[in-house]
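Following: one structure in structure tokens, then a few remarks.
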Amino acid sequence: MKSLPKQFISCDWGTSNFRLRLVDTESLEVLQEHSTDKGVKKVYQDFVESETNLSQKAYFGKYLAEQLKFVEHAEVNTVIASGMLSSSIGMQELEYAKMPMSAEGRSLNSSFEQLDEKYELLLISGTKTEESVMRGEEIQALGLAERLKSSEGVLLLPGTHSKHIHYAGGVFKDFKTFMTGELFEIISNQSILNGSIQKSAFSETYAQCFLDGVQRGAEGELTEALFSIRASSLFGNRSKESNFYFLSGLLIGSELGYLKRSELDVHIAASGVLSQLYQKALASLKPTQKLYFYDEEVLEKALLAGQKKILSTYV
């Protein structure tokens, strides 16, 4: 068996953004980084609207090869890509692997491609259940696997579409998807509540309004409580800024409500204000000894650690 290369290039190509990182394999230190706003969706749209003779696969490959010049290293020729690049609007569609997934990720589907004369590309699939799919978060889960101390629990990866991944005995068994982030954007920007909500940086001033929302959401009162946001604005009972965090609490509480009745440990990896809000919400719903939080640095390294695991199965 060959040894792992000293460095590899991590490609994190999501729906809206593109990022390359030259990574030291041993330490996972990022040696160089390059990013653009050309996510998979934008490049796919460019491809559809172009008059190119290139195939979809070649079109994406050309863009990737051009961007690799910004993290070029004489001794590095391996690129590992996860996320939306393996979707139907990406470079090459790979079928979703069925759950469960081992902590090494050996059940994931993958494709090794020669990108050009220098680089070879390892493309990784997503995973699926009977009711949900994910591409990208499963690699973060692999990277966090060694940190999951208990024998059974739930790993939370909040975001536009939050993932709750159930693990037991070193295996990721199942997952649920909650459209918490997307619903927040739709309700706050496109519904009748738009005029009753004003975004503001989080501070403890808004903590109680947020937690009030969490409790009502967790008790299944989401749709009933939504209109109260408009009423509170009309009657001057809450500021628009407070309503912003009440709505956030409602949706997060609705997402987390089932965990209130669960005895499972909960591990959560999030960054920025999202990490603060989920910590407050979970602490109000569950005993704190059942909660484990990972900071932004751990989350950033998780994707790289997961990609390294996948790479190790090919050398």
Cross-link partners of Lys128 among lysines (Cα-Cα below 16 Å; sequence separation of 8 or more within a chain): Lys98, Lys163, Lys173, Lys176
Neighbour-count order for Leu222, Leu142, fewest beta carbons within 10 angstrom listed first: Leu222, Leu142
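Which value, in debye to the nearest 20, gives the size of the charge dipole of the chain about its Cα centre, when Lys and Arg are +1 and Asp and Glu are -1 at the Cβ?
520
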Extended-chain gain in nm, criterion 0.36 nm per residue less alpha-carbon gap, Phe293 and Leu31: 91.6 nm
25 °C / 0.890 mPa s Stokes-Einstein diffusion coefficient of the range 171-243, Kirkwood radius on C-alpha pairs, µm²/s: 181
Residues whose placed amide H lies under 5 Å from that of Ser150, excluding near-sequence neighbours: none
Calculated FRET efficiency for the pair Lys38/Thr177, C-beta based, R₀ 22 Å, to 0.05: 0.30
Over the chain, relative contact order from alpha-carbon pairs under 8 Å, at least 6 apart, %: 16
FRET efficiency, Gln279 to Ser191 (Cβ-Cβ, R0 22 Å, nearest 0.05): 0.20
Evaluated at q = 0.10 Å⁻¹: base-10 log I(q)/I(0), Debye formula over Cα of the range 87-238: -0.54
Relative counts (whole %) of C-alpha pair distances in the range 178-296, using bins that are 5 Å wide: 2, 12, 23, 24, 20, 10, 6, 2, 0
Helical contribution to [θ] at 222 nm, DSSP H n ≥ 4, -39,500 (n - 2.57), averaged over the chain, rounded to 500: -11500 deg cm²/dmol
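With 27 Å as the cut-off, how large is the P(r) tail for the range 7-135, expressed as percent of Cα-Cα pairs?
Numbers: 1529 of 8256 pairs.
Tail fraction, whole percent: 19.
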Range of Cα positions in the chain per principal axis (Å), largest first: 67, 50, 36
DSSP-defined beta bridges in the chain - what % are antiparallel, rounded to 5: 65
Net charge over other residues, Cβ less than 10 angstrom from the Cβ of Ala270 (K, R count +1; D, E count -1): -2
Thr288, Thr205 arranged by Cβ crowding within 10 Å, fewest neighbours leading: Thr288, Thr205
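Let's test the formula: R0 of 45 Å, r as the Cβ-Cβ distance of Gln198 and Lys98. What FRET efficiency results, to the nearest 0.05? Write down the numbers at each step before the final one.
Working: r = 44 Å, r/R0 = 0.98.
After rounding, the FRET efficiency stands at 0.55.
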Residues whose placed amide H lies under 5 Å from that of Lys38, excluding near-sequence neighbours: Phe18
Residue-span extension gain [Glu263 to Asn53] - 0.36 nm each, minus C-alpha spacing: 69.9 nm
Centroid-to-centroid separation of the range 300-315 and the range 235-266 [C-alpha atoms, Å]: 35
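FYI, it's all coordinate maths here, none of it is from the lab. Keep in mind that this is a model prediction, so the values were computed, not measured. For neighbour counting, all protein chains shown are included, and Cβ atoms are generated from backbone atoms with ideal geometry for every residue, glycine included.
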